[in-house]
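See below for the structure under consideration.
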Amino acid sequence: MASSVSMNILFSFIVLFSASCVVSYTIQDQFYQCITLHSDRSIPFSTAFFTPTSNATSFNSVLKSTAKNLRCLAPSEQKPLLIFTALIESHVQAAVICAKELKIQLRVRSGGHDYEGISYTSGMRRSVPFILLDFAKLRAIKVDIEDNSAWVQAGATIGEVFYRISEKSKTHGYPAGLCTSLGIGGHITGGAYGPMMRKYGLGADNVVDARIVDASGRVLDRALMGEDLFWAIRGGGGGSFGIILAWKLRLVPVPSTVTVFTVPKALETGATKVLNKWQHAAHKIDEDLFIRILITPANSTNGKKTVVTAYQALFLGRTDRLLDVMNHSFPELGLARKDCVEMSWIESVNYIAGYPSNIKPEFLLEGRPLLPPVYFKAKSDFLRVPVPVTGLEGMWKKFLQEDSPMMIWNPYGGMMGKISESSIPFPHRKGVIGKIQYLTAWTDADKKSADKHINWIRGLYEYMEPFVSKYPREAYVNYRDLDLGMNKNANSNFLEASVWGKKYFKNNYDRLVLVKSKVDPDNFFWHEQSLPILPFKVGQDGKSLIH
């Protein structure tokens, strides 16, 4: 009897002791143990796991490593409890399984060009602890010229992708972004536009397969995920459906020699007249030609502040034909032979990205941006009718009220107008003259300074409302803007999310929500502007998602 009592006391002590250990056992510890349990390869803790308590210096270094917007790293923004740098693809599966077991949110970062930082911080109004899954080590690229394709892991930058393609062929390319440090994982989930989009469409239009980890931790390719999910991930925004492991890209032909130019026009030298003509010509011009406009403030010769519009172009051909095209369709720019520079396609990548002429293409392998991180805020609009001259003149006045503003106008037309709005979730197609991006940047961490700059860009956005797309006022999901609305928590509803969902996806929003509800019914993948799930169960038959 005494022995039995002693054993009961001992058992009770063990239970109590174990319970107290569980309480003190941190989420970080539990996640590490779980990952180790679900991994078929040992994981070196010091190079894969970073916490703000055990190794704060390394944690901060990794957190900031690819972050481009310092505003998202402010002390008021919630940081991850843990950063897990996956070393192999099965680690991503394990991360999903373990985050679900521990009931903790998982956020994923491929490149860090996230305008509102939702891939690596959280701006939620209430505390929602999360773990950051970083793809910095998953960047393998395999180019197959004979198949006109490339498999690219999500952590690779588009600069790396461009370079690896050029290594194998001088006459193959890929129609993705202009900023070479973009992580391709997130880039394509929003559509992925670039200077060849008028010829070949978006990067997302040229994806033929993908590998994704779903909410159950399964790895799915196109055949396994089905056409509905494959449709949704190519332009439906990141962080709603699963975690992209890799894309299979369809390569496109490029000439051995292309031509680039940059021609500036200030207000004093006819900037308003030329921009007005651009609105009527740039989307109708030869589809081999992409002419974007970089708009910045400058000091004029008389010392007063002015606006400079720089017309920067890529032409898929040589100078002689380019001059014929410009003289016929856009003579107002006054392009001369001396403005044109012939080079290889891979050299044009560096030119369009703004790198100095002495930078070699090999620099793209470093995945580094041209400029250091700054505090910034951005917004976007789509133009379907030209802004009248009086509207442009008022826009200049607003523009000159800010310290370091910038606008970028990108032309559409060509192939962009030939692809159906519903072909992929990216809907901004036929009838779009171009896209406008508004930016303001600052270096002061002071909140009053931030409020001043953010209020300015909101004011410019409000001013432009009469001149841009309507019903809805369209926006580009990869220029994510939390001013458009935000999920309060993981239980956002269809109508609330439609406020921004319709701006990003137009009529494709409804189908995206159906896909989301089918593939992630528990809403495991969510963030401030993720797609919601419907309050009722969606059937597994593909037809119900299409009709």
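The values are calculated or read from the model by the stated rules, or taken from the named source; none is laboratory data. These numbers come from a predicted model, not from an experiment. Methodologically, a virtual Cβ is constructed for each residue, glycine included, from the backbone with ideal geometry; neighbour enumeration extends over all protein chains shown. The accessibility values were calculated without ligands, DNA or RNA, using every heavy atom of the protein model including side chains. Shrake-Rupley method; radii C 1.70, N 1.55, O 1.52, S 1.80 Å.
One table, with the values for the structure above:
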| read-out | value |
| --- | --- |
| Subset of the stretch 37-80 that is open to solvent by 80 Å² or more (accessible area, probe 1.4 Å) and part of a helix (DSSP H, G or I) - its residue that is nearest to H113 (Cα to Cα) | K64 |
| Filter pass, K435 being assigned to a strand (DSSP E or B) and surrounded by 18 or more Cβ atoms within 10 Å (Cβ to Cβ) | yes |
| Residue within the stretch 454-473 that is of a type outside the set (G, A, S), more than 23 Å from W500 (Cα to Cα) and open to solvent by 40 Å² or more (accessible area, probe 1.4 Å) present | no |
| Lone unmet requirement of (1) farther than 30 Å from D444 by Cβ; (2) loosely packed, with under 15 Cβ neighbours inside 10 Å for A313 | (2) |
| All strands (runs of 3 or more DSSP E) inside the stretch 189-306 with 3 or more residues being modelled with pLDDT of 95 or more, over 30 Å from V92 (Cβ atoms) and of a type outside the set (G, A, S) | 258-266, 289-299 |
| Qualifying residue in the stretch 234-256 (condition: basic (K, R), open to solvent by 20 Å² or more (accessible area, probe 1.4 Å) and out of contact with any strand residue (DSSP E or B) (no Cβ under 6 Å at 6 or more places or on another chain)) | no |
| Unmet requirement for G173, which otherwise passes all of (1) surrounded by fewer than 24 Cβ atoms within 10 Å (Cβ to Cβ); (2) more than 18 Å from the chain's Cα centre (by Cα); (3) not aliphatic (A, V, I, L, M) | (1) |
| Top-ranked residue in the stretch 494-517 [being among the basic types (K, R) and within 20 Å of V468 (Cα to Cα); ranked as most open to solvent (accessible area, probe 1.4 Å)] | K502 |
| Spans of helices (runs of 4 or more DSSP H) in the stretch 446-547 with at least 2 residues over 28 Å from R429 (Cβ atoms), at pLDDT 95 or above and not assigned by the TED database to the domain that holds G191 | 447-464 |
| Filter result (touching a residue at least 12 places away in the same chain (Cβ under 8 Å) and not in a loop (DSSP other than H, G, I, E, B)) within the stretch 131-157 | I131, L132, L133, D134, I141, V143, S149, A150, W151, V152, Q153, T157 |
| Test: V128 is in a loop (DSSP other than H, G, I, E, B) and over 29 Å from E366 (Cβ atoms) | yes |
| Pairs where the first residue, in the stretch 338-351, is within 14 Å of S166 (Cβ to Cβ) and the second is among the basic types (K, R), C-beta under 8 Å, 6+ apart | S344/K170; W345/K170; I346/K170 |
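Yes/no per residue for (1) in the same structural domain as V274 (by the TED database); (2) crowded, with 21+ Cβ neighbours inside 10 Å; (3) not in a loop (DSSP other than H, G, I, E, B):
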position: A378; (1), (2), (3): yes, no, yes
position: P386; (1), (2), (3): yes, no, no
position: L392; (1), (2), (3): yes, no, yes
position: W396; (1), (2), (3): yes, no, yes
position: W409; (1), (2), (3): yes, yes, yes
position: S420; (1), (2), (3): yes, no, no
position: S423; (1), (2), (3): yes, no, no
